[in-house]
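Engineer: The following block contains the structure, expressed as structure tokens.
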Amino acid sequence: MNDYTINTKCVQAGYTPGNGEPRQIPIIQSTTFKYETSEAMGQLFDLEAEGYFYTRLQNPTNDMVAAKICALEGGAAAMLTSSGQAANFFALFNICECGSHIVASSSIYGGTFNLISVTMAKMGVTVTFVDPDCSEDELNAAFKENTRAVFGETIANPALTVLDIEKFAKAAHSHGVPLIVDNTFPTPVNCRPFEWGADIVTHSTTKYMDGHAAAVGGAIVDSGNFDWMAHAEKFPGLTTPDESYHGIVYAEKFGKGAFITKCTSQLMRDFGCIQSPQHAFILNLGLESLHVRMPRHCENGLAVAEFLQQQPEVLKVHYPHLPGNKFYDAAMKYMPNGGCGVISFELKGGRPAAEAFMKALKLAAIETHVADARTCCLNPATSTHRQMTEEQLEAAGVPAGMVRLSCGLEDKRDLIADLKQALEAIEK
Ligand SMILES: *Cc1c(COP(=O)(O)O)cnc(C)c1O
């Protein structure tokens, strides 16, 4: 599959049936797997042989879909998780422990911000947040002796900032730690962070990869490029014996598969955030058309952003591929073919205007979601950021009149007509 373009990989990578085998990926709806001897099973438990024994750790359907996502990102190994939250937690916790420190972009998904700054803090992992637009000096100053990972989002949800992947990778590597990039919004169709120096990529497959608001899921892909042994003292979990598997040293035994093998055999074993094989099957249906859908999401996003920018009711539009946006150059460098269909904009009339506007929309539904085939919208001030005061909202860059709009796959002329009539419904 490696010789084919990403478009063909979307359709066919991960599973190639043999003679007389099912054309579509089979759903292996089984929690367990049969063996002829206890000895054969024992080898699996010792990680001496490859195979399946219990779906809490691994399932063949999941592995086929993970192999497709691995091929799309150009990685060495991959795994599915039950959600994007689980993917980001596992990716970080696989190399962090009590006493570790993370450098993270401050412009990330609210769920991930909470995961790192509240929940992982309770586990003794600390964090320094940096502005994604910070200088190299400011970035380097954020590192500590116990820093174990750098984290950011290619296009941040919902701030729509663009990560300078090369800058963050350079800083991470000069401090001997990997860069983890959440590539949910552009998907590998529009950006492949490994090509710019990222070491590990995560996804909420719930978004564009599924693309139909049908199945919550996540994925972790390892490039296989980070040399754990060269920084052995920082990553003892990968470079010293694991007594729960008779003294295996992951980085020695599994090479480019070390990170994912450890993550499966320890974190999936102990936390069990596995994706159900049914969900993996649904995810794969989405992946089969990802390369066809992404350009349409981007086309609609840009057309809507350009339209909104010209409307008197609109104060400001945030969309990285819109000329004049602060991140336009970075967007064109890392994602020349477009980024995503999500935009955000501020209405001059503040909260009442946002409420009237959203109520009047006919095609765009009010939902806590993005990246669906159907256009949806959200007013953060009355939903995800509800607990904040007007002043806190301003400070967080989410003013009360802000609307997040995820442009779906409908015809852009219909979307623009709908937005037009909804803007007219705002009381002047
Ligand atoms: C939605 C999202 C997540 C969380 O994913 P879930 O599948 O909802 O758990 C993480 N990162 C980004 C960028 C997201 O948009």
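Engineer: Of the residues in region 32-86, how many are more than 16 Å from the ligand (Cβ to nearest atom), part of a helix (DSSP H, G or I) and either aliphatic (A, V, I, L, M) or under 19 Å from LYS207 (Cα atoms) (or both)?
Structural biologist: Final tally of qualifying residues: 9.
Engineer: Evaluate region 99-106: report whether one residue or more is within 16 Å of the ligand (Cβ to nearest atom), free of Cβ contacts under 8 Å to residues at least 24 places away in the same chain, under 15 Å from ILE180 (Cα atoms) and out of contact with any helix residue (DSSP H, G or I) (no Cβ under 7 Å at 6 or more places or on another chain).
Structural biologist: For region 99-106, residues within 16 Å of the ligand (Cβ to nearest atom), free of Cβ contacts under 8 Å to residues at least 24 places away in the same chain, under 15 Å from ILE180 (Cα atoms) and out of contact with any helix residue (DSSP H, G or I) (no Cβ under 7 Å at 6 or more places or on another chain): absent.
Engineer: While we're on this one: Select, from ALA198, ALA104, the only residue that is farther than 22 Å from ALA66 by Cα and of a type in the set (A, V, I, L, M, F, W, C). Walk me through how you get there before you give the answer.
Structural biologist: Numbers: ALA198 fails: farther than 22 Å from ALA66 by Cα.
Within the list ALA198, ALA104, the selection yields ALA104.
Engineer: I would also like to ask the following. Condition test on ILE28, is it at pLDDT 95 or above, more than 16 Å from the ligand (Cβ to nearest atom) and under 26 Å from GLY14 (Cβ atoms)?
Structural biologist: yes
Engineer: Of everything in region 374-407 that's of a type in the set (A, V, I, L, M, F, W, C) and within 16 Å of the ligand (Cβ to nearest atom), which residue is surrounded by the most Cβ atoms within 10 Å (Cβ to Cβ)?
Structural biologist: CYS407
Engineer: Only helices (runs of 4 or more DSSP H) wholly contained in region 113-231 count here; list those with 1 or more residues that are among the hydroxyl-bearing types (Ser, Thr, Tyr) and within 12 Å of the ligand (Cβ to nearest atom).
Structural biologist: Numbers: elements: 136-141, 165-174, 187-190.
The qualifying helices (runs of 4 or more DSSP H) are 187-190.
Engineer: Quickly run through region 261-275 and pick out the residues that are under 15 Å from SER82 (Cα atoms) and touching a residue at least 12 places away in the same chain (Cβ under 8 Å).
Structural biologist: Correct list: CYS263, THR264, LEU267, MET268, ARG269, PHE271, GLY272, CYS273, ILE274, GLN275.
Engineer: Does any residue in region 239-251 that is at negative phi and in contact (Cβ under 8 Å) with a residue 40 or more places away in the chain come within less than 7 Å, Cβ to Cβ, of a residue that is surrounded by 11 or more Cβ atoms within 10 Å (Cβ to Cβ) and assigned to a helix (DSSP H, G or I) six or more places away or on a different chain, and which pairs are these?
Structural biologist: Pairs that qualify, where the first residue is at negative phi and in contact (Cβ under 8 Å) with a residue 40 or more places away in the chain and the partner is surrounded by 11 or more Cβ atoms within 10 Å (Cβ to Cβ) and assigned to a helix (DSSP H, G or I), are TYR245/SER265.
Engineer: Tell me, yes or no, whether region 359-372 has at least one residue that is on the phi > 0 side of the Ramachandran plot, buried (at least 19 other Cβ atoms within 10 Å of the Cβ) and among the hydrophobic types (A, V, I, L, M, F, W, C).
Structural biologist: Checking region 359-372: at least one residue is on the phi > 0 side of the Ramachandran plot, buried (at least 19 other Cβ atoms within 10 Å of the Cβ) and among the hydrophobic types (A, V, I, L, M, F, W, C).
Engineer: Right, another one. Which residues, counting only those in region 368-401, are at pLDDT 80 or above, more than 15 Å from ALA354 (Cα to Cα) and in a loop (DSSP other than H, G, I, E, B)?
Structural biologist: Across region 368-401, the qualifying residues are THR368, HIS369, VAL370, ALA371, ASP372, ALA373, ARG374, THR375, GLN387, THR389.
The values are calculated or read from the model by the stated rules, or taken from the named source; none is laboratory data. Predicted model, so just to flag it, every value in this text is computed and none were measured. Reconstructed Cβ throughout: ideal geometry from the backbone, glycine too, with neighbour counts over all protein chains shown.
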